[in-house]
Amino acid sequence: MVMLRVRGFEIHKSYLSLQEQQALIEVLRPVLKAVPLFSPTVASGGKMSVRMTSAGRYGWYSDEQGHRYQAHHPKGQHWPEIPPEILNIWRALTQTDREPECCLVNYYGENARMGLHQDRDEADFSYPVLSISLGDDGLYRMGNETRGGKSESLWLNSGDVVVMGGEARLKYHGVDRIRFKSSRLLPKGGRINLTLRVVT
Ligand SMILES: O=C(O)CCC(=O)C(=O)O
């Protein structure tokens, strides 16, 4: 296990064994059944290429009115609890007095990407954001606290965990592309990213 530090982003390479990755996919199955993935709409009216859903007290949501956290799935059901196997990773890698209130589940199909953005819908930026990569490789880009300027990229592989706290908490980041079918973790290919955040 190696920990890389890039611009304040802590990248724990191969943090999860193959068995632990497979166990996470299993605990996600009932979550995805209860609150299916959907394609959020952005303020401009377009659809995001990443499909998503959430677990926890709050889920991240976006529509023509903008993006925010809300207590229910767009079809009305409350989000399921964050599985303990996922909470354990937060407890092991963050030194905080709070538990995450949102586990965003992002699914990247073959051509999905996530543009550079800051995570700033949360009330308190002193808490870190933790993100877990499962499945296909994703090209992760890390920028600055303001839009533009030089950025650095690296491939996140299945089992890698990124902690974005301290000086990295408000830095722009995104996923330029995935290497579809580079991993066999998900039978149909694609990449799952789990992002844990304290919201309130
Ligand atoms: O997929 C990733 O690795 C990053 C996801 C992300 O930046 C987000 O959900 O805000």
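Values in this text are rule-based calculations from the coordinates and carry no lab data. All values reported here derive from a predicted model rather than from experimental measurement. Backbone-built Cβ (ideal geometry, glycine too); neighbour counts: all protein chains shown.
List the number of the failed condition for Leu116; all other conditions in (1) assigned to a loop (DSSP other than H, G, I, E, B); (2) in contact with a His (Cβ under 7 Å, 6 or more places away or on another chain) hold. If we test Leu116 against (1) assigned to a loop (DSSP other than H, G, I, E, B); (2) in contact with a His (Cβ under 7 Å, 6 or more places away or on another chain), just (1) comes out false. The condition (being within 16 Å of the ligand (Cβ to nearest atom) and among the hydrophobic types (A, V, I, L, M, F, W, C)) is satisfied by just one residue among Ala92, Ala112: Ala112.
When the stretch 1-41 is limited to residues that are in contact with a strand residue (DSSP E or B) (Cβ under 6 Å, 6 or more places away or on another chain) and charged (D, E, K, R), the one that is nearest to Leu130 (Cα to Cα) turns out to be Glu10. When the test is whether a residue is touching a residue at least 12 places away in the same chain (Cβ under 8 Å), surrounded by fewer than 19 Cβ atoms within 10 Å (Cβ to Cβ), among the basic types (Lys, Arg) and in contact with a strand residue (DSSP E or B) (Cβ under 7 Å, 6 or more places away or on another chain), Arg191 does not pass it.
Every residue, every condition in (1) within 25 Å of Asn111 (Cα to Cα); (2) out of contact with any Phe, Trp or Tyr (no Cβ under 9 Å at 6 or more places or on another chain), yes or no:
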residue	(1), (2)
Glu145	no, no
Ser151	yes, no
Pro187	yes, yes
Ile192	yes, no
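The listed residues are Asn88, Asn144, Asn106, and the only one of them that is outside any strand (DSSP E or B) and either in contact with a Ser or Thr (Cβ under 8 Å, 6 or more places away or on another chain) or basic (Lys, Arg) (or both) turns out to be Asn144.
Of all residues in the stretch 147-168, those satisfying the criterion of being in contact (Cβ under 8 Å) with a residue 24 or more places away in the chain and not in a strand (DSSP E or B) are Arg147, Ser151, Asn157, Ser158, Gly159, Asp160, Gly165, Gly166, Glu167, Ala168. Residue count for the stretch 157-200 satisfying the condition of being hydroxyl-bearing (Ser, Thr, Tyr), over 15 Å from the mean Cα position of the chain (by Cα) and closer than 21 Å to Ile25 by Cα: 2. Note on the stretch 42-56: among residues that are more than 13 Å from the ligand (Cβ to nearest atom) and assigned to a strand (DSSP E or B), the one that is farthest from the chain's Cα centre (by Cα) is Lys47.
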